[in-house]
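The values are calculated or read from the model by the stated rules, or taken from the named source; none is laboratory data. Not measured: the values here are computed from a predicted model. Glycine also receives a Cβ, built like all others from the backbone with ideal geometry; neighbour counts cover every protein chain displayed. Note: areas computed on protein heavy atoms with side chains; ligands, DNA, RNA excluded. Shrake-Rupley method; radii C 1.70, N 1.55, O 1.52, S 1.80 Å.
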Amino acid sequence: MSESVPRKSSMRWIPLVIVAALGALLFAGVMLSRNPNREALPSPLIGKPAPAFRLPVLHEPGRLVTDKDLRGAPYLLNVWGSWCPACRDEHPVLTRFAESKRLRVIGFNWKDEHADAMRWLEQFGNPYFMVLTDYEGKAAIDWGIYGAPETFLVDAGGTIRWKYVGPLTDQVIENELLPKLAQLDRGAPL
């Protein structure tokens with residue numbers, strides 16, 4: 001009979017422990033929801049070599065470009081499609097950045113028809129140094145692309161240094177991309 005008394009007193013703490021655990025989970029959720037890029041899955045490719053690819057150039061369909069061809073200088077790889085409404089929102093921001101000539105901006109036209117992509121660039125302007133095309137989306141799988149727009153910063157050696165999911169904004173460029181570029185310029189580890 002003396003064993004049941006300590007057991008009852010320890011049982012009354014269980015609801016309090018459960019409430020505390022739920023409170024901690026709620027707090028963690030609120031803190032994570034403050035991140036505007038919270039929908040993005042973290043890329044396992046950050047700090048790793050860009051996936052090998054061999055893709056046609058939109059404006060020169062007979063020309064194939066590989067990942068090795070882009071090495072030697074950093075570049076921003078921007079995934080877009082004529083079918084993507086958020087890409088249209090991002091386009092003026094990306095155009096202003098490309099005009100700064102801070103680094104090469106490479107377009108990665110994903111799962112698009114050639115004529116639709118050409119028409120879209122004619123209508124909205126072409127900010128890209130070059131546009132690669134992945135008509136079937138096979139190269140995108142290796143990059144871990146699951147939507148458009150997505151943007152990658154690749155260093156001169158071909159290593160992915162940064163990824164952003166969603167449309168670029170002036171704030172994202174100022175607060176995230178430019179500091180990463182400054183680190184690259186200084187040779188600082190990212």
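Could you say whether any residue in region 13-32 is closer than 30 Å to Trp143 by Cβ, at pLDDT 75 or above and either not in a loop (DSSP other than H, G, I, E, B) or not acidic (Asp, Glu) (or both)? Within region 13-32, not a single residue is closer than 30 Å to Trp143 by Cβ, at pLDDT 75 or above and either not in a loop (DSSP other than H, G, I, E, B) or not acidic (Asp, Glu) (or both). In region 98-147, how many are in contact with a helix residue (DSSP H, G or I) (Cβ under 6 Å, 6 or more places away or on another chain) and of a type in the set (A, V, I, L, M)? So the count comes out to 1.
Would you pick out the residues in region 118-129 that are touching a strand residue (DSSP E or B) at 6+ places or on another chain (Cβ under 7 Å) and surrounded by fewer than 20 Cβ atoms within 10 Å (Cβ to Cβ)? Before you say what the answer is, go through the steps one by one.
Residues of region 118-129 that are touching a strand residue (DSSP E or B) at 6+ places or on another chain (Cβ under 7 Å), as a first pass: 127-129.
Across region 118-129, the qualifying residues are Pro127, Phe129.
Would you check which residues across region 139-157 are under 18 Å from Lys68 (Cβ atoms) and part of a helix (DSSP H, G or I) and list them? Across region 139-157, the qualifying residues are Ala139, Asp142, Trp143. Close contacts from region 158-187, counting a first residue that is acidic (Asp, Glu) and a second that is open to solvent by 50 Å² or more (accessible area, probe 1.4 Å), with Cβ to Cβ under 9 Å and a gap of 6+ residues or different chains, come to Asp170/Arg96. Look at region 84-109: where a residue is closer than 14 Å to Thr151 by Cα and a partner is surrounded by fewer than 20 Cβ atoms within 10 Å (Cβ to Cβ) and among the charged types (D, E, K, R), sitting 6+ places away or on another chain with Cβ atoms under 8 Å, you get Val93/Asp170. Each residue in region 135-173 was checked for being within 12 Å of Pro51 (Cα to Cα) and open to solvent by 10 Å² or more (accessible area, probe 1.4 Å), and 7 of them qualify.
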